[in-house]
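Starting off with a structure, shown below.
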C-alpha cells in the first residue's frame, strides 16, 4: 500500500507521508526554464508532454510521496467555453458567463477540450505506480468555481456587490458546475488518478449561514460521487470557520487544514485523517524555524493519521533547498 493510502484508508498513525500543494511549479528553476518558452499558462496545462514533465519535477528532486497533476481548477470553465486567461502580476481573468452557450456543451465536447490533462495523468500515473506512490487528480469545489465564473477574476477579499442578486444564474451555474465536475473527476480517475483533492479556495468568503447552500450540499454531492468510484477524497475548505462541522456533514476521507487554524483544536475535534497546516511563509525563513514549525505539526498529530503538507500553495520565492530541508526533517522524525 502507498504511504498516502496507509494514512487515508488504514488510518495509520506511524506513517507521515509528505507532498506539497503547488509542488510542481514556480519556485523550481527547472520549471522556470520551461515557463520562459511557454508564456501561455492554459496552453502549458494543455501540453500533455510538458505538463507530465512538470508534474514529475518535484518527485525527481525531493522524492515526495505523491504527484499532483500540473493543471488548474479553471480547466472546468475553460472546458465549458468560458474564456480563461492568466495575466502576469494579476492572475486569472475570465470572460462573460454565457449560460446559453454553456448549456449546449455536452460530455464529449468538454472531454475533448481538456483531454490533454487526462493524457498527462495517464503518463504520470504509470510512472508513479512503479514507485508505489500516488497520483492526485483535483478539481475546484463548486462554490470556488462559481466565484471565479461569476466574479470573472480572483475575489481577493470579497465578491462583487451584485454577486448574489441573480438566483437563476447562480442555481443554473451550480448545476452545470456539478455535472461537469463529476465528468472531470471520472476522466481523471479513469486515466490513473488514485486520489482526488477538492480545493475550496474561497470558502472563507462566506458567512456561516450560507455554508449549507454553497459548501456543504454541493461538496457532499461530489464527495459521495468520488467515493462511489472507490477512490479516496481529500477536501480543502480553506479558511472555513468550522472544520469540525464541515467534516461531520461532508465526510471526506481526509481534510486539509489552512495555516490560520489551531492544529491542537483540529487534533482534538476531528476524527478523520488530517493533511497540511504549515504556513508556506515559514519556508521563507531559516532552517531552525522550519524545523521548529514542522516538528510542532508532527508532534501534535503524532497519534493521529496525518499527511504533511502546507496550509496553502508553496510561494514562488521559496528556495528549493529549504523544501529539501523540510522533507528531511519529516523523514527523520
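Counting other C-beta atoms within 10 Å, which of 235, 45, 247 has the fewest, and how do the rest follow?
247, 45, 235
Now for a different question. Principal axis lengths of segment 36-124 from Cα atoms, whole Å, largest first?
The Cα atoms of segment 36-124 stretch 46, 32, 22 Å along the principal axes, largest first.
Further question on the same structure: In a Gaussian network model over the chain where Cα atoms closer than 10 Å are linked, find which of 18, 159, 233 has the largest mean-square fluctuation.
Looking only at 18, 159, 233, the biggest GNM fluctuation is shown by 159.
For the chain, what is the calculated [θ] at 222 nm in deg cm²/dmol (nearest 500), taking -39500 (n - 2.57) for each run of four or more DSSP H residues and dividing by its residue count?
Helix contribution divided over all residues of the chain: -14500 deg cm²/dmol.
Counting pairs of alpha carbon atoms under 8 Å apart in space and at least six apart in sequence, what relative contact order in percent does segment 3-332 give?
This gives 21 percent for segment 3-332.
Express in % the proportion of alpha carbon pairs of the chain at distances exceeding 27 Å.
Of all Cα-Cα pairs in the chain, 42 percent lie more than 27 Å apart.
What is the fewest-to-most order of 94, 229, 222 by other Cβ atoms lying within 10 Å of their Cβ?
Arranged by neighbour count, lowest to highest, 94, 229, 222 become 229, 94, 222.
To the nearest 10 degrees, how steep is helix 167-190 against the longest Cα principal axis of the chain, on a 0 to 90 scale?
Once rounded, one gets 50 degrees.
With 10 angstrom as the radius, rank 217, 14, 135 by how many other C-beta atoms surround their C-beta, starting from the fewest.
Sorted ascending by nearby Cβ count, the order is 14, 217, 135.
Moving on. Under 8 Å for C-alpha pairs, at least 6 residues apart: give me the relative contact order for segment 101-210, rounded to a whole percent.
45 percent.
Give me the one-decimal nm value for the distance between modelled label points at residue 103 and residue 296, 7 Å along each residue's Cα-to-Cβ direction.
5.1 nm
Please give the Cα centre distance for segment 1-48 versus segment 138-201, rounded to the nearest Å.
For segment 1-48 versus segment 138-201, the Cα centre distance is 21 Å.
On to the next question. Using only Cα atoms and rounding to the nearest 10 degrees, what angle (0 to 90) does helix 320-332 make with the longest principal axis of the chain?
The answer is roughly 60 degrees.
Counting DSSP beta bridges in the chain, what percent are antiparallel, to the nearest 5?
Bridges in the chain that DSSP calls antiparallel: roughly 20 percent.
By how many degrees, between 0 and 90 and to the nearest 10, does the Cα long axis of helix 142-151 differ from the longest principal axis of the chain?
That helix lies at roughly 50 degrees to the long axis.
Provide the three semi-axes, in whole Å and in decreasing order, of the ellipsoid equivalent to segment 215-289 as defined by the square roots of 5 times the Cα gyration tensor eigenvalues.
Over the Cα atoms of segment 215-289, the semi-axes work out to 26, 14, 11 Å.
Every number here is computed from the coordinates shown, using simple stated rules; none is lab data. It should be emphasised that the depicted structure is a prediction, and the values quoted were computed from it without experimental measurement. With ideal geometry, Cβ positions are generated from the backbone for all residues, glycine too; neighbour counts draw on all protein chains shown.
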